[in-house]
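K.L.:
Before anything else, here's the structure in question.
The values are calculated or read from the model by the stated rules, or taken from the named source; none is laboratory data. Computed from a predicted structure; not experimentally measured. Because the Cβ atoms are built from the backbone with ideal geometry, glycine has one as well, and the counts that use them run over all protein chains shown. Side chains included, ligands, DNA and RNA excluded: accessible areas come from the protein's heavy atoms. Shrake-Rupley method; radii C 1.70, N 1.55, O 1.52, S 1.80 Å.
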Amino acid sequence: MTKEIRTVEFVVLPATKVKAKKMFQIAGACRYVWNHFREKNLADYQAFKKGKAERPQTSYFSLGVEFTKLRHETDWMLELPANPVKHTLKHFADALKEAMAGKKGFPKPRSRKRTAPSFTIPGSAGVRIRKVNEKYSSLLIPLVGWVTLTRRGGNPWESGTPKQAVLRYDGHRWRAFVSSEIEVEEKMGDGEVLGVDMNARQIATSDGHFYFLPDLKKKEARRKRYQRRMARQVKGSNRRKDTKKKLAKASREIANVRKNWVHQTTKEISGKCGTMVVEDLKVKNMTASAKGTVENPGKNVKQKAGLNRAMLDTAFGGIRRNLEYKCGRLIEVNPAYTSQTCSRCGYAEKENRKTQARFQCVSCGFVSNADTNAAINIRRLGMAQLHGEERSGSRQTPANREIDTRLHDG
Ligand SMILES: [Zn+2]
C-alpha cells in the first residue's frame, strides 16, 4: 500500500448570509496580503534585476515575520482566521522565488473584479470534514463555522485524511476542492497494453475503439455570441451585467461537458488496460504546427495549429493527467511517423495516408482506419520502450517477478 493525494470538488452551501460574507472577507484579505507583499517586494525585485542590489529574501519564513506585523497593524484582519490568510504568503513566496530565478515574471496584482475570490485552508490548520449523510458533508472553516458540502455521488474518499481545502468562488457559487491522503494498492503496470492516438476529433485506441469528442459547436457559438454582445454594451450597465452572467454560465457548461467526458472516457480506457501508451504532446504540438494537415499540407498551418493546440491543451491535457493515475503505467512515445507507418509491415510512406480517415499501405495493401493504425504504432513503440527497460533491468515488472518465483518453486 502507498499513500496518494486525491482531490474532490464539492459545491459549498454556506447556508447563512453571515457565513457567505465572512468567506468573501477571507478571500479579500488574501488578495490584500498578496498585493501588499507584491508592492513591498517590487522595488527590491527591480533593483536585483538591474544588478543594483543583492538577491532579496524570498523565503516563506522571512515573509512570515512581516506578515505577523501587518496583521497586528491591520485591525480588521485580526477578526479573520490567520492560517488561510497566511497561506497566501506561501503562494506568493513560491511566485516570487520563480520570478527571482527568472522562470516567470514578477507576480501580477490580484484584482477585486478579475481575480476569482479564493482562499486555502492549509493542512497545518487541520482540515476538518464530517459526513452528514450520503449526499452531504460539512467542512469547518476557521472563524466562519461549519458549511455544508455537496457532491453528486458523495465523497469517494471519506476514509482518507483531509490535507487541504481550497475554496473558490466561480461567480455563481463557492466550490471546495478538498485534497485527501488515501491508501491505495500499489499500481501494477501489467495486464493489457493499449496504444492511444489523440486528435482534435476523436481518440482511437489500438484495440479498434473510438471515443468521439463531445460536440461543443452550439455551446461555443453561444459563448461567442455573449462575448460579442458584452463588448458592445456600456460598461457598468445592467444589461452588460446580465450578459456577463449568461457568458459565465455558458463557459461553465462547456467546461462541465468537457470535464465529464474526460472522466468517463478515461475511466473506460483505463478499465481495459494496465499500461497505456500515449503520444508525447509536446512533440505532437510541434509537428502539428510544422506539417499542416493531410488534406492541406502546409496550408492554413498557423490557423490549424492554433486550433489544434488549444484542443490538445484543454482536452488532452486533462485526459493525460487522468490516465496517469487511473492506469498502472503511462508511457510517452515520440509520435513522429506514427500516422504514416503501416502497422502490419512497418512500411513508412506519406502516400500510405490516403485521407485524414483512411490508411492504405502502398507496400502490403493493408487497409485500416488511419487513427486506429496510428494507435497500433503507438502501442508498438511503447512496447519497445517497455522491453528496453526490462532488458536493461531498470524496472522490475510484475511479469518477470512471477517468472522468478516459478523458477524457485521448481
Ligand atoms: Zn504495409
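K.L.:
For region 166-282, just say rounded, prolate or oblate: build the C-alpha gyration tensor, square-root its eigenvalues into a ≥ b ≥ c, call rounded for a/c under 1.5, and beyond that prolate if a/b exceeds b/c, oblate if not.
P.N.:
The shape class here is oblate.
K.L.:
Do any of Lys217/Lys249; Lys218/Lys259; Lys22/Lys241 go past 21 Å between their Cα atoms, and which?
P.N.:
Lys22/Lys241
K.L.:
Using each residue's phi in region 210-215, evaluate 6.51 cos²θ - 1.76 cosθ + 1.60 at θ = phi - 60° and report the 3J(HN,Hα) Karplus result to the nearest Hz, with x for Gly and Pro.
P.N.:
The phi angles translate into 10, 10, 7, 5, x, 7 Hz.
K.L.:
Here's another thing I want to ask about it. How much accessible surface area, in Å² rounded to 10, belongs to the heavy atoms of Ser137 with a 1.4 Å probe?
P.N.:
My reading of the accessible area for Ser137 is about 10 Å².
K.L.:
Need the list of lysines near Lys21 for cross-linking: C-alpha distance under 17 angstrom, and skip anything on the same chain fewer than eight residues off.
P.N.:
Counting by Cα, and skipping residues close in sequence, Lys21 has these lysines nearby: Lys113.
K.L.:
Now for a different question. Ranked highest first by average number of other Cβ atoms within 10 Å, how do 87-94, 381-388 line up?
P.N.:
Per-residue mean Cβ counts within 10 Å order the peptides as 87-94, 381-388.
K.L.:
Right, something else. If packing is taken as the average number of other Cβ atoms within 10 Å across a peptide's residues, how do 340-353, 23-36, 198-211, 150-163 rank, most packed first?
P.N.:
23-36, 198-211, 340-353, 150-163
K.L.:
When only C-alpha pairs under 8 Å and at least 6 residues apart count, what is the relative contact order of region 316-387, in percent?
P.N.:
Across region 316-387, relative contact order equals 26 percent.
K.L.:
If I take every Cα pair under 8 Å that is 6 or more residues apart in region 104-215, average their sequence separation and divide by the length, what percent do I get for the relative contact order?
P.N.:
Result for region 104-215 is 18 percent.
K.L.:
May I pose another question? Mind checking region 242-278 for trypsin sites (Lys or Arg not before Pro) that DSSP puts in a loop (not H, G, I, E or B) and that have at most 14 other Cβ atoms within 10 Å?
P.N.:
Lys272
K.L.:
Same structure again: Counting only C-alpha contacts under 8 Å and six or more residues apart, can you give the relative contact order of region 1-116 as a whole percent?
P.N.:
Computed value for region 1-116: 33 percent relative contact order.
K.L.:
Heavy-atom accessible area of Ser251 with all protein chains present, probe 1.4 Å, nearest 10 Å²?
P.N.:
40
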